[in-house]
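Rule-based calculations on the coordinates, nothing more; no lab input. Nothing here was measured: the structure is a model prediction, and the numbers come from that model. Every residue, glycine among them, receives a Cβ derived from its backbone with ideal geometry; neighbour counts consider all protein chains shown.
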Amino acid sequence: MPALSHRITTLNGDGSDGWDVFYRARAMIADGVPVTELTIGEHDIGTDPSILKAMYESALGGHTGYAIVPGISALRDEVAARVEAQSGVPTRRENVLITPGGQAGLFAAHMAVCAPGDVALFVDPYYATYPGVLRSVGAVPRAVETRSSQGFLPQRDVLKAAVEAATSLLINTPNNPTGAVYPRATLHDIAEVVTAQDMWLISDEVYDTQVWDGAHISPRALPGMAERTLVIGSMSKSHAMTGSRIGWIVGPEDAITCLVDLATNTTYGVPGYIQDAALFGLRTGLPLEAQVAEPFRRRRAIAERILASQTVLRMIPAQGAMYVMLDVRATGMNGEEFAFALLDAHHIAVMPGESFGRSAAGHVRVAMTQEDSRFKAALRTLCEFASALAKAG
Ligand code: PMP
């Protein structure tokens, strides 16, 4: 076959894609080994039947043809109203593009702001796809490192040192994998640095309904930021609609107009019956979102209680999202060694911090995606395993 493009063959950078533990766990499951999976960000509940009913009725009603590319007007209006209510920033239909999920939004947003060869910043630890997204638009990824001891919050001096000649900065709050929710002071530092450098900010807010401490603040609401921020939203996490592939980009009207052109030439929009279901979900309002988020709030409390009863593992304060990060360095192992050893010894699968970047080395990410009693038992076993390792070491 003729050569494939350099861009696509180097999408994952060098070497491992960071999913080795996950793949081994899936292979064990295929061989009939019962593995407790605390790996990916998939709810243990499905999409609410009321949303599915709306989807079915829309499809039966004939909404199965090409839908209008920017998204149906009612949904764009609903997203605009939601974002305006949450952030206080005046937002209209023209500021909204409906996308097939947040992932497609991340790609499109970077396509809109990065030229090939541009430096695109992202905060480390990061959601696993970020560097690949940046490479896929031809940008050069540059990590902004953070520290476990500082709650994995980006620091002003580090940001300042990183932004030279950069075009964009990608942030994520509430954060996957760390559970951090960026406080106003951090967002102010970010706003100041990207404004001084005349950069774009891409703000991934797909976990905005999962906040356990404090409040979600959208950086688009900070002074002067609406004109240089593209917000990525999604119904995957908020409404347990991961498989429906529905999300949005909110940004300046001129940027959205260009993004509609990109969508016309790539996705050609999102199925109408999915959009109708999403509209129903959003209009159902906060109780449904609270219901979807509640199990993670409960399990975060369970995790805090269990972790408080031991001293080997340190839990990074998790203020939001469906994960907790544990510092495992006192066991004498790094995150990957610990995750493989735990999987082999106890058939519990967690993600090594190393899968999410250098800053998360020596940590593991535990997804709170198993029913409470199973989650509790797995976390207890994980803690006992860590204690035994620390004693033996
Ligand atoms: N951003 C973050 C931080 C995520 O964790 C995910 C999914 N796990 C996404 C974006 C993409 O989500 P989706 O495409 O399902 O909206």
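Some notes on this structure:
- Farthest positive-ward along the chain dipole, Cα basis, beta-carbon charges - from Leu153, Gly247, Thr381: Thr381
- Net dipole in debye of the chain [+1 Lys, Arg Cβ; -1 Asp, Glu Cβ; about Cα centre; nearest 20]: 600
- Here the chain carries DSSP beta bridges of which approximately 45% are antiparallel, counting only pairs with both residues inside.
- Glu42-Asp157 FRET efficiency (beta carbon distance; Förster radius 41 Å; 0.05 resolution): 0.65
- Cα gyration tensor category, rounded, prolate or oblate, for the range 315-389 with a/c compared to 1.5: oblate
- Loop sites in the range 1-72: chymotrypsin sites (Phe, Trp or Tyr not before Pro), DSSP, at most 12 other Cβ within 10 Å: Tyr66
- Under a 5 Å amide H cut-off, with hydrogens placed 1.01 Å from N, Asp204 pairs with Ile171, Asn172, Thr173, Ile232 among residues at least 5 apart or on other chains.
- In percent, rounded to a whole number, the relative contact order of the range 49-285 is 30, using alpha-carbon pairs under 8 Å and six or more apart.
- Signed unit charges on C-beta, dipole axis of the chain, positive-most listed residue Gly132, Ala341, Pro219: Ala341
- Tensor-based shape of the chain (alpha-carbon gyration tensor, a/c under 1.5 rounded, otherwise prolate or oblate): prolate
- Alpha carbon centroid spacing (whole Å) that separates the range 296-349 from the range 119-176: 24
- Burial ordering of Ile302, Ile190, Ile8, fewest other beta-carbon atoms within 10 Å first: Ile8, Ile302, Ile190
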